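**Student:** Before I ask anything, here is the structure I am working with.
What follows draws every value from the coordinates through simple rules; no lab data is involved. As the structure is a prediction and not an experimental result, all values here were calculated from the model. Positions of Cβ are generated from backbone atoms using ideal geometry, with glycine treated the same way; all protein chains shown enter the neighbour counts.
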Amino acid sequence: MVNITLPDGSVRAFDAPPTVAEVAASIGAGLAKATLAGKVDGRLVDASLAITHDASLEIVTEKHADALEILRHSTAHLLAQAVQRLFPGAQVTIGPVIDNGFYYDFAYERPFTPEDLPLIEDEMRKIVAEKMPVERSVKSRDDAVAFFEGIGEHYKAEIIASIPASEDLSLYTQGEFTDLCRGPHVPSTDKLRAFKLMKVAGAYWRGDSNNAMLSRIYGTAWLNDKDLKAWLTQLEEAEKRDHRKIGKALNLFHQQEEAPGMVFWHPRGWALWQVVEQYMRGVYLSSGYQEVRCPQVLDVSLWKRSGHWDNYQENMFFTESEKRSYAVKPMNCPGHVQIFNHGLHSYRDLPIRYGEFGACHRNEPSGALHGIMRVRAFTQDDGHIFCTPEQIESEVTAFHRQAMAVYGDFGFTDISLKIALRPDKRLGDDATWDKAENALRAALAAADVSWEELPGEGAFYGPKIEYHMRDSIGRAWQVGTMQVDFMMPERLGAEYIDEHSQRQHPVMLHRAIVGSMERFIGILIEHHAGHLPVWLAPVQAVVMNITDAHAPYAEKVSKALLAKCLRVHADLRNEKVGYKIREHTLQRVPYLLVVGERERDSEMVAVRSRSGEDLGSMTVADCARLLSARSQHAA
């Protein structure tokens, strides 16, 4: 007798070990038809798996949280089978699920091209129509190697040969196609309906440039055609909003090969940067932070003591001088500890909060660089709080309120929170990590918010809260973080005197709200499609003269508005005013101010918005008040 406990608490008894599919069928024919897989005692399994012991079971249908990953994993196999049907001799290598889809790498006599994709996609749909069952089998490591060598899959055999001989491996077969895979997969190919192949690229075997170049085919898969269409529409909108295109069109910044992963900020782009920085500086000051500045280059010995040498050095840049080795800082925290250590602190001094717009460099792979969103040189709105264990909760909840207010001011209201937990490669023991993780949970509970937990994704020195904000077209971006660190203060000798006159190591809270300034500005550009709100716009208004005779008055108006600390530009070129209006509208300038003979004689300005709205004529003082009012954060 096998007892199966369902999510509603009900129990079903079976005389013989049932498969997941059989349990579903015992509940109803509709559920049996909708079943994709199962979750037995929290572990995802195939619908064909026999459950041999009393267990809890979730039936995975399209409504289940794990359904999409299973569908994408299975669609990757569908792609590989179609490729081998159309291109005999193509070898499959790896085909993982990625954000919003999957890819598969192939070895073939020629690279695949975009023109191949429609043919492959058509073949995939034919395989779906064949309703092939997907069957799992188990082989020993050596038998699996022999099998794949026997069918000419030398890359797959090489992967398997690197696995310990003691391990049994699962293989999945659909029709003539078999691949190594941990699973689970859908029970038959007709479960795969909403997919599209997106692009081709090159990829070195095992990521090593000394190895053969493979063809990588990217695809996407969704639960239904409606979701697929919505995602493709989002992609089209994202293409229009690409910060690299808008940055070029608005003359904000550029990048070039001589400085890969680094940004050349133009005057207008730097004006936008300064608005963000000065706003965040105000947040620092109003929240009790003292702004500091640390060196860019520090002796390697400090990075060894901090733990970065053992856990992070592959991401760091190094240099030498006078036979002494240095690292360019990838983060600001060890420097802030040095400032804390420069003096003796009492428990009465805590918490001590330092903030820095700290420039950092990280040796990101060139293939991972993406405009100003993923760079090698960046600046953080970085802060560190040195506090007692008892102060963690109040500091984290105060930071949470502060971060949410900042995101609201920038126009982001859909924020989700996640706690990234201990990674495999880390400092400290489990007891210390338990304490740090539980402190973050307690703080978020005190703030009365919900969160998701991400096992294995914390920093090597501590767990962290991540703030994910959703933009105007539905994409989520991870920006702010709050991390609890018990390790680094001890490793770097940070101490304070407690109420019993004993030396103690403070807790170090690492926090950032916008994170990388470069990335956050890129997000802002795409969120607003370059139509930045007035308070963020690099140029808030342009004053335009109709003829040269009105130029002196246009300049006078411009200077009057500049005196009100407004970012105003005077366009006094000898061009038709209609041409100027079109040009500055394309430049996404919020307000266009036109002066001609009537405006000059009455000391007025004609005001229109970038959307084309005619706001009529007003005095310069009224115009200044309008711009100033719209320059408030949420205006």
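**Student:** Which peptide among 184-190, 614-620, 389-395 comes first, and what is the full order, when sorted by highest mean count of other Cβ atoms within 10 Å?
**Tutor:** Descending packing order for the listed peptides: 184-190, 389-395, 614-620.
**Student:** Further question on the same structure: Apply the Kirkwood formula to segment 445-575: the hydrodynamic radius equals the inverse of the mean of 1/r over all pairs of different alpha-carbon atoms; give it in Å with one decimal.
**Tutor:** About 19.9 Å, per the Kirkwood formula over Cα pairs.
**Student:** Take the residue pairs Lys556/Lys576; Lys39/Lys196; Lys63/Lys196; Lys139/Lys226; Lys33/Lys464 and return only those whose Cα atoms are more than 30 Å apart.
**Tutor:** Lys139/Lys226; Lys33/Lys464
**Student:** Something else: Would you mind computing the Rg to Rh ratio of segment 16-166 from its alpha-carbon coordinates, Kirkwood style for Rh?
**Tutor:** Over the Cα atoms of segment 16-166, Rg/Rh equals 1.01.
**Student:** Ok, one more. For n ≥ 4 DSSP H runs only, could you compute -39500 (n - 2.57) per run for the chain, divide by its residues and tell me the 222 nm figure to the nearest 500?
**Tutor:** Mean residue ellipticity, 222 nm, calculated: -10500 deg cm²/dmol.
**Student:** Can you compute 3J(HN,Hα) from phi for each residue in segment 209-219, using the Karplus curve 6.51 cos²θ - 1.76 cosθ + 1.60 with θ = phi - 60°, rounded to whole Hz and x for Gly and Pro?
**Tutor:** For segment 209-219, the Karplus-derived couplings read 5, 7, 9, 5, 7, 10, 9, 10, 10, 9, x Hz, x marking Gly and Pro.
**Student:** Another question, then. If you place +1 on the Cβ of every Lys and Arg and -1 on the Cβ of every Asp and Glu, how big does the dipole about the Cα centre of the chain come out, in debye to the nearest 20?
**Tutor:** 1920 debye
**Student:** Now for a different question. Is the shape of segment 576-632 rounded, prolate or oblate, going by the alpha carbon gyration tensor and its root eigenvalues a ≥ b ≥ c, with a/c under 1.5 for rounded and a/b larger than b/c for prolate?
**Tutor:** oblate
**Student:** Considering the zone a paramagnetic label at Lys245 would reach in this model (a point 7 Å from Cα along the Cα-to-Cβ line), which residues of segment 174-215 have amide N under 20 Å from it?
**Tutor:** Answer for this model: 198-200.
**Student:** Give me, ordered by chain and number, the residues 5 or more places off Ala570 or on other chains with an amide H under 5 Å from its own placed amide H.
**Tutor:** For Ala570, whose amide H was placed from the backbone, the distant partners under 5 Å are Val543.
**Student:** What nm distance separates the two modelled labels at Arg598 and Arg206, each placed 7 Å from Cα along Cα→Cβ?
**Tutor:** Each label point is offset 7 Å from its Cα along the Cβ direction, giving 7.7 nm.
**Student:** Using a 7 Å offset from Cα along Cα-Cβ at Leu6, what residues in segment 33-65 end up with backbone N under 14 Å from the label point?
**Tutor:** Residues 33-35, 56-61 qualify, since their backbone N sits under 14 Å from the label point.
**Student:** At 20 °C and 1.002 mPa s, what whole-number value in µm²/s does Stokes-Einstein give for the translational diffusion of segment 1-79, with Rh from the Kirkwood sum over Cα pairs?
**Tutor:** 169 µm²/s
**Student:** What are the ³J(HN,Hα) couplings of segment 550-562, residue after residue, when phi is run through the Karplus curve with 6.51, -1.76, 1.60 and θ = phi - 60°? Round to Hz, x for glycine and proline.
**Tutor:** 9, 4, x, 5, 4, 5, 5, 4, 4, 5, 5, 6, 4
**Student:** Let me ask something else about it. Helix 141-150 against the longest principal axis of the chain: what's the angle in degrees, Cα atoms only, rounded to the nearest 10?
**Tutor:** Between helix and principal axis, roughly 90 degrees.
**Student:** Sticking with the crude label model, points 7 Å out along Cα→Cβ, report the distance from Thr547 to Glu457 in nm, one decimal please.
**Tutor:** 6.4 nm
**Student:** Name the long-range amide H neighbours of Tyr204: under 5 Å, sequence gap of 5 or more, or other chain; modelled H, no Pro or chain starts.
**Tutor:** Leu214
**Student:** Under a 5 Å amide H to amide H cut-off, with H placed in plane at 1.01 Å, what residues pair with Val60 once short-range neighbours are removed?
**Tutor:** Leu36, Ala37, Gly38, Lys39
**Student:** Stokes-Einstein at 10 °C, 1.306 mPa s, Kirkwood radius from Cα pairs: D for segment 273-423 in µm² s⁻¹?
**Tutor:** The estimated diffusion coefficient comes to 90 µm²/s.
**Student:** Once fully extended, how much extra length lies between Glu320 and Lys576, figured as 0.36 nm per residue of separation less the alpha-carbon to alpha-carbon distance?
**Tutor:** 86.4 nm
**Student:** Moving on to the next point. Taking a ≥ b ≥ c as the square roots of the Cα gyration tensor eigenvalues, with a/c under 1.5 meaning rounded and otherwise prolate when a/b beats b/c, else oblate, which class fits segment 502-578?
**Tutor:** Prolate, because a/c is 1.5 or more and a/b exceeds b/c.
**Student:** Could you work out how far apart the two model spin labels at Lys559 and Ser26 are, taking each label as a point 7 Å from the Cα in the direction of the beta carbon, and quote it in nm?
**Tutor:** About 8.9 nm, to one decimal.
**Student:** Let me ask something else about it. Can you list the HN-Hα couplings for segment 276-281, worked out from phi with the Karplus curve (6.51, -1.76, 1.60; θ = phi - 60°), rounded to whole Hz and with x for Gly and Pro?
**Tutor:** 5, 5, 5, 4, 5, 4
**Student:** Continuing with the same structure: So what's the angle, to the nearest 10 degrees on a 0 to 90 scale, between helix 517-527 and the longest Cα principal axis of the chain?
**Tutor:** 90 degrees
**Student:** Would you please state the base-10 log of I(q)/I(0) at q = 0.06, 0.08, 0.12 1/Å for the chain, with intensities from the Debye formula using one equal scatterer on every alpha carbon?
**Tutor:** Normalising to I(0) and taking log10 leaves -0.46, -0.80, -1.32.
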